[in-house]
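Following: one structure in structure tokens, then a few remarks.
Derivation of every value follows stated rules applied to the coordinates shown; laboratory data play no part. All figures in this text were calculated on a predicted structure; none of them were measured in a lab. Here Cβ is always computed from backbone atoms with ideal geometry, including for glycine, and neighbour counts include all displayed protein chains.
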Amino acid sequence: MTKTAFITGITGQDGSYLAPFLLDKGYIVHGLERRGSLSHTDRIDHIDHENLHLNYGDMTDGTNLIRLIKDIQPDEIYNLAAQSHVQVSFDTPEYTANADALGTLRILEAIRILGLERKTKFYQASTSELFGNAPAPQNEHTPFHPRSPYATAKLYAYWATINYREAYGIFASNGILFNHESPMRGETFVTRKITRAIAAIKRGQQTHVELGNLDAKRDWGHARDYVEGMWKILQHEIADDFVLATGQTHSVRDFVEAAFALIGHDIQWQGSGVQETGISKQTNQILVTINPKFFRPTELDILCGDPSKAKKALDWQAKTSFQDLVKEMVEHDLST
Ligand code: NAP
Ligand code: GDD
């Protein structure tokens, strides 16, 4: 029987990989699209498929979500929509809580109000940000200590998902995903900011890139691998919560070095703190400087996930290496 999926956040990075993945599996896919004065659908405009349908709505509009879910009658909901930028959440904490925390509650309530508890499975896009500065490696048993308005909102959504599972028997699962990137990554996240800057420097449109904390470490995987994990989480025999990660960690500095090496610059670091610069060994150009405006009021020093539960229970593992991820992103930005 043909399954129907509803993806909130279909216009974002992960939605743009999940939608074709589900269409290829034969799903009818509905997505939630925010109305903007300019189009938000660039990442999915290339998908020309009779089973893809976009519906206007917003995570802050509960009646709209109830009506859409009533009309769509989804077998699976992937709740990917969120104000997902950690630094921006310090400037917009109330909106972030509304969209990320209450938005999740609105969807869970819609499932309950519409009597879909036995029909509709629910996937919640939870995050390694929940762990804060808990010692690495982090897994499903690591205590949470959120350190941003984004993470505190996502903590509410994480527990709402578990509460609706326990209280109403909804198949509701959390994927606790570590950072995942791609050529579709938003342009102000650090990886894509670096790869786009490299392309602009190579074309002579920019001299250098300004960054914040170079020593933060993240467990960076590829979004393509992680959307398969989301689907596997909803196909598991019981609803449960899973860490998806590569198990490897790299600093922002490592990412800078790997990415610039691909256009022939070996970076040498000079100075310290806000005076630190990254200089090309080949040309002596200053290619990286520090701008304190990119520092956060509270930072996470090291994220490194332990994905062994997902490997064992879901037969899922990240396939793309750090080097291949950096290369794909740099090559994409050089070609566009
Ligand atoms: P993203 O590229 O920022 O996409 C976010 C999506 O949410 C976009 O489609 C955006 O719509 C939509 N959205 C934001 N606010 C909304 C609102 N009020 N109503 C309706 N839609 C709204 O994020 P992503 O990287 O794909 O991440 C997907 C999800 O996974 C997010 O919930 C994120 O917090 C979570 N997550 C991401 C990572 C990661 O490393 N990528 C790791 C762990 C968890 P517009 O296109 O209109 O802006
Ligand atoms: N964005 C950004 N811009 N980050 C910078 C910069 C810069 O110029 N310079 C250094 N960084 C550092 C940040 O301080 C952070 O430690 C690290 O680079 C990664 O920042 P982001 O790429 O913005 O991602 P994030 O780790 O804060 O959040 C992403 O991953 C989470 C999962 O751990 C987002 O996708 C979240 O939505 C997701 O939940």
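As a quick test, which of the pairs K217/K293; K193/K319; K25/K327 have an alpha carbon distance above 25 angstrom in this structure? Among K217/K293; K193/K319; K25/K327, the Cα-Cα distance tops 25 Å for K25/K327.
Between the C-alpha center of region 315-330 and that of region 111-189 there is a gap of 23 Å. Taking a quarter of the surface of the Cα convex hull of region 166-277 gives a mean projected area of 9.4 nm². Direction-averaged projected area, Cα convex hull, region 158-203: 4.3 nm², rounded to one decimal.
Using the Cα atoms as the points, what is the convex hull volume per residue of the chain in Å³?
Spelled out: Cα convex hull of the chain, divided by residues, is 134 Å³.
Rg and Dmax of region 250-307, based on Cα coordinates, read 13.4, 41 Å. For A125, nonlocal amide neighbours, meaning residues 5 or more places apart or on other chains whose placed amide H falls under 5 Å from its own, are N79.
Residue-normalised convex hull volume from the C-alpha trace of region 1-117: 108 Å³ per residue. Backbone phi angles across region 280-292, fed through the Karplus curve with coefficients 6.51, -1.76 and 1.60 (θ = phi - 60°), yield HN-Hα couplings of 6, 5, 6, 10, 6, 5, 7, 10, 9, 10, 9, 10, x Hz in residue order; Gly and Pro are listed as x. Expressed to the nearest 5 percent, the antiparallel share of DSSP beta bridges inside the chain is 20 percent. Each 5 Å bin from zero holds the following percent of Cα-Cα pairs in region 99-155: 4, 18, 22, 16, 14, 13, 8, 3, 0. Taking other C-beta atoms within 10 angstrom as a stand-in for reagent exposure, K232, K25 fall in the order K25, K232, fewest first. Taking all C-alpha pairs of region 206-336, those more than 22 Å from each other amount to 49 percent. Top mean-square fluctuation among G175, G26, G186, Gaussian network model of the chain, C-alpha springs under 10 Å? Most flexible of the set in this elastic network: G26. Charging the Cβ of each Asp and Glu at -1 and of each Lys and Arg at +1, and nothing else, the dipole of the chain about its Cα centre rounds to 100 debye.
Over the chain, DSSP H runs of length four or greater, each weighted -39,500 (n - 2.57), average out per residue to a 222 nm ellipticity of -11000 deg cm²/dmol.
Bridgeable lysines around K281 (alpha carbons under 17 Å apart, same-chain partners fewer than 8 residues away excluded): K202. Under the combined filter of DSSP loop state and at most 12 neighbouring Cβ atoms within 10 Å, region 269-336 retains these trypsin sites (Lys or Arg not before Pro): K281, K319. Can you tell me, using C-alpha contacts under 8 Å and at least 6 residues apart, the relative contact order of the chain as a whole percent? Once normalised by length, the contact order is 17 percent. If each Cα of region 59-155 is one equal point scatterer, what is log10 of I(q)/I(0) from the Debye formula at q = 0.11 Å⁻¹? Reported log10 I(q)/I(0), two decimals: -0.37.
Close amide-amide hydrogen proximity is noted between Q138 and C304, G305, D306, each under 5 Å apart and 5 or more residues distant or on a separate chain (H modeled in the peptide plane; Pro and chain starts excluded). Each of S37, S128, S280 was scored by other Cβ atoms within 10 Å of its Cβ. Listed from fewest to most, they are S37, S280, S128.
Kirkwood's formula applied to the C-alpha pairs of region 223-275 gives a hydrodynamic radius of 14.8 angstrom. A DSSP coil position with no more than 16 other Cβ atoms inside 10 Å describes the following chymotrypsin sites (Phe, Trp or Tyr not before Pro) in region 249-336: F295. Counting every other Cβ atom within 10 Å of each residue's Cβ, E33, E181, E228 order from fewest to most as E228, E33, E181. Summing charges over all other residues whose Cβ lies under 11 Å from the Cβ of V209, with Lys and Arg as +1 and Asp and Glu as -1, gives +1.
Measuring spread by the Cα atoms of region 84-234 yields a radius of gyration and Dmax of 17.7, 58 Å.
The packing ranking, built from the mean of other Cβ atoms within 10 Å per residue, places the peptides 134-140, 2-8 in the order 2-8, 134-140, highest first.
Size descriptor for region 4-47, Kirkwood hydrodynamic radius: 10.6 Å (Cα pairs only, one decimal).
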